[in-house]
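One structure below.
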Amino acid sequence: MEEDAEGMDRFDMDGDFEGGRFGRDGEFYYERRRERAPQTRDDALYGVFAEGDSDYDSDDDAGNRRRRRKRRRDESEPDLSRPVHFQSAGKFMPSKEPEPELEERPGLGAAAASSSSAAAEDDAAEEDLDLPTAFGQRIAEGARARREERARERETAARRRQASGVAAGKPAPALGSLGSNMKVAKMMAMMGYKDGMGLGKNEQGIVAPVETTLRPKNAGLGSVEGFKEPKPFFTKENLPPPPPSAPAKKEQQRWSKKAGAKKGPVLTKNELLAMRSEQEQDEQPTVVQKVIDMRGPQARVLTDLKGLNVEQEMEENDVPMPELQYNVRLLVDEAKADIVRLDGQLRREQEKVASLVWEKEKVAKQEALQKRQLQVMEKIAGVLEQVRVDDTAGVLSLEGLLKTFQELKAYYVEEFKMCSIAWIACRFAHPLLIRVFQGWQPLQNPLFGLEIMSSWKDLLQGDQAYDFSGDVESMAPYAQLVSEVILPAVRISGTNSWEARDPEPMLRFLESWERLLPPIVLQSILEHVIMPKLSAAVDSWDPRREKVPIHVWVHPWLPMLGQRIDTLCHSIRYKLSSVLHVWQAHDASAYAVLSPWKDVFDAASWEDLIVRYIVPKLKMALQEFQVNPANQKLDQFNWVMIWASAIPVHHMVHMLEVDFFSKWQQVLYHWLCSPNPDFNEIMNWYKGWKGLFPPELLANERIRMLLTAGLDMMNRAAEGLEVVQPGARENVGYLRATEKRQFDAAQQASQYTTHHAMPGAAIADLSFKESIQAYAMDQGLLFMPRVGKFYNGMPVYEFGTVSICIDSVKRLLYAQLQEGIERWSAVSLTQLIEMNRKARQR
């Protein structure tokens, strides 16, 4: 096929371009077109029938033509069958810049280099001769003889130069060096150049001259073994480092097939995975964003910006073989990705194996547990079957049943709870316990059956908490058993034989069974047995006829009844109110009946009861009381002091200040103003009165101030100063203000009733309270009583937003100056309207 194609033009593009390379996208980029040889006149005339194409040409001419066509083809077309040769760029690490290549520049010794290269080319041309004939063999032998003669001449010249250098005592200067040309060396020395230093003002020039080395023909860098590449030149600033140690001096050819393993730091699989795990720990989770690179011939989708400009940087830095490095980098990245992917798969498989192992162990434990539970259930079922057989035969006893279930609970605690065996025990024990407690009287014999029920409580309930829900369906087994065995007997005895005025039998039973009665059973006894009995007894109680106070048989139930006592207290207050309206202050039995209820009744109810029925009677007693130092009788005073702990303090202080200390201070004043008073007797009289007050009254500030006022009068009299009559100045101002308020209130009430009289009703028919109520309605204000609120025994009304009291006897209005503080003052209707207006503004 090759001979048939001789003399024919090739229509492919293999030799049409120069300086081309393939990009990442697979496209071919070239720098310039190859210039083809111009077509001669003979080529234009004869074409493929140019000289040498005749069949009659000699063999020599045919051989010459074949050699010429082969030479032209070798010069124009690359031989793709030969191995690839690469140009060396020097030693460099991936993280460093490559060392610059040595450029061949014309200089000293260029002629010798060119001549040697020409001789080498002639030798190569002669080696390419293919002369098969006898004449050709002679020509080839002559060429070899000339080649061997030239080689001997070069060896002789080399030995001559070496001999001359050894005779001079120093080595001959290298070819092309400065020492080989003495004239140039002298001229440069006169200009300041020193041997071994760089050229230039700052000695920044190269130190070693450019070396020229003849390379074998058609040989790439590093492709010929034993051939040393020219050394790079160095300046003063980039002098080479000291030579490495002996093991490091061995250089391996970078692209040779015999090259060993790659030297330098190698990233192993474990190191790569460790670095990746550290990066994953250090990096924060970020949102992956896609970046589209439109700078090349094809768009690229990137997930990060690492290595985005690597190709441009390699081109700018003139990195050798960027395509190869890019491909190697892709292979490395793919290998890393494969390692990471395989490591992830390995981890997942290891986790899956660990999970399966754990599941296997879990299933094995469950299997063993279920097997054990099955064996336990079989044993429990056998025991329960034996109990059923004994119960059917009528030979089952309460002691044997208790012992059997106690053993089951001791041996199989979890199964006893899980299978609710307590309910099964309760079913078998119920008829036996009914037989035991048949005919039992709990109030006469409360200790009967305590040991039996205590044992069954430990078995059925144990350390479980009581159920306070009150739902019969959700009761525990023990509570159900007690409610069916014990509760009926208690109900029968409590309803038929127990009296509420004699609480001791029922209290003794409840105290004995307190630990064994579930809360739901106890509440049932209180609700259905005790409360009905107590309510009936309170309703039938008559304070005037009963000799035993009611608190004697009601108070023992206070801790158990709790809020239920409120219903009884309402009835008790009604009963007490019915007899206190006829009570007199000298009767001390009322204190004995009322005082125990102070802490039982709520504060408002207690104060209402005391202010309505007790305080008015005590005020009357103090008003009748006479202070007489000569013949003092303390009956009325003692009647009042008995109630000091029962009456609220502010009511007691007000009553003493108005009805007692006013008299006491007047007597003391007149005694001190008498001629020649006996101060010792007066002091003893003062101490005697002070000792009659209980501690709770002496602790009150107002009582101490009133006693101190009397002591001040005594001190002034002892010092000879004038003693002022107590309350003289205050009484004058008070009387004037009181008279004015009474007059204003009477005028307004009379005017209102005159102009707003109802049709068919006379003015005299309206009371003072009704007049105030009609005035409030006319002003658009609410007028209504405040339930349970009293002041000085008078009911309190709500006049708009102000609390008032109406004294119909004195025809006065008293208003509470500030809500929450017991400060009252007499006011007129105009002042009441003003107080309501200010309250609305706030």
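Test each condition in (1) open to solvent by 80 Å² or more (accessible area, probe 1.4 Å); (2) charged (D, E, K, R); (3) out of contact with any Pro (no Cβ under 9 Å at 6 or more places or on another chain); (4) over 30 Å from residue 402 (Cα atoms) for residue 343 and report the one that comes out false.
(1)
Could you tell me which of the residues 332, 363, 376, 319 is under 42 Å from the mean Cα position of the chain (by Cα) and among the β-branched types (Val, Ile, Thr)?
Values: 332 fails: under 42 Å from the mean Cα position of the chain (by Cα); 376 fails: under 42 Å from the mean Cα position of the chain (by Cα); 319 fails: under 42 Å from the mean Cα position of the chain (by Cα).
Within the list 332, 363, 376, 319, the selection yields 363.
Run residue 676 past the list (1) within 25 Å of residue 721 (Cβ to Cβ); (2) at pLDDT 90 or above; (3) not in a helix (DSSP H, G or I) and report the number of the one that doesn't hold.
(2)
Is it fair to say residue 451 is at pLDDT 90 or above, open to solvent by 50 Å² or more (accessible area, probe 1.4 Å) and under 27 Å from residue 388 (Cα atoms)?
yes
Anything in the stretch 378-403 that is open to solvent by 60 Å² or more (accessible area, probe 1.4 Å) and of a type outside the set (Gly, Ala, Ser)? List them, or say none.
378, 379, 385, 386, 388, 389, 391, 392, 395, 399, 403
Are any residues in the stretch 638-659 open to solvent by less than 50 Å² (accessible area, probe 1.4 Å) and part of a helix (DSSP H, G or I), and if so, which ones?
First, pick out the residues of the stretch 638-659 that are open to solvent by less than 50 Å² (accessible area, probe 1.4 Å): 640-641, 643-644, 646-648, 651-653, 655-656, 659.
Within the stretch 638-659, 640, 641, 643, 644, 651, 652, 653, 655, 656, 659 meet the criteria.
Condition check ((1) among the aromatic types (Phe, Trp, Tyr); (2) in the same structural domain as residue 414 (by the TED database); (3) in contact (Cβ under 8 Å) with a residue 12 or more places away in the chain) across all residues:
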site	(1), (2), (3)
290	no, no, yes
297	no, no, yes
301	no, no, no
315	no, no, no
326	yes, no, yes
341	no, no, no
357	no, no, no
369	no, no, no
390	no, no, no
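From the list 776, 815, exactly one residue is in contact with a Cys (Cβ under 9 Å, 6 or more places away or on another chain), surrounded by 14 or more Cβ atoms within 10 Å (Cβ to Cβ) and over 25 Å from residue 620 (Cβ atoms). Which is it?
815
Do you know which residues across the stretch 609-637 are open to solvent by 70 Å² or more (accessible area, probe 1.4 Å) and free of Cβ contacts under 8 Å to residues at least 24 places away in the same chain? Break it down into steps so the answer makes sense when it comes.
Taking the stretch 609-637 and keeping what is open to solvent by 70 Å² or more (accessible area, probe 1.4 Å), we get 612, 620, 623-624, 626, 630-631, 633, 635.
Across the stretch 609-637, the qualifying residues are 624, 630, 631, 633.
Can you confirm whether the stretch 540-550 contains a residue that is open to solvent by 40 Å² or more (accessible area, probe 1.4 Å) and assigned to a helix (DSSP H, G or I)?
No: zero hits.
Got a number for residues in the stretch 181-199 being in a loop (DSSP other than H, G, I, E, B) and open to solvent by 50 Å² or more (accessible area, probe 1.4 Å)? Walk me through how you get there before you give the answer.
First, the residues of the stretch 181-199 that are in a loop (DSSP other than H, G, I, E, B): 181, 191-199.
Keeping just the survivors that are open to solvent by 50 Å² or more (accessible area, probe 1.4 Å) gives 181, 191-195, 197, 199.
Total satisfying the criteria: 8.
Is one or more of the residues making up the stretch 366-375 at positive phi and either surrounded by 10 or more Cβ atoms within 10 Å (Cβ to Cβ) or modelled with pLDDT under 90 (or both)?
no
Give 777, 794, 835 a once-over and let me know the one that is hydrophobic (A, V, I, L, M, F, W, C), more than 30 Å from residue 607 (Cα to Cα) and modelled with pLDDT of 80 or more.
777
Among the residues of the stretch 791-807, write down those that are open to solvent by 40 Å² or more (accessible area, probe 1.4 Å) and out of contact with any strand residue (DSSP E or B) (no Cβ under 9 Å at 6 or more places or on another chain).
801
Tell me the residue from 500, 489 that is on the phi < 0 side of the Ramachandran plot and part of a loop (DSSP other than H, G, I, E, B), please.
On inspection, the qualifying residue turns out to be 500.
The values are calculated or read from the model by the stated rules, or taken from the named source; none is laboratory data. Small disclaimer: the values here were computed from a predicted structure and weren't measured. For neighbour counting, all protein chains shown are included, and Cβ atoms are generated from backbone atoms with ideal geometry for every residue, glycine included. With ligands, DNA and RNA removed, areas are computed over all heavy atoms of the protein, side chains included. Shrake-Rupley method; radii C 1.70, N 1.55, O 1.52, S 1.80 Å.
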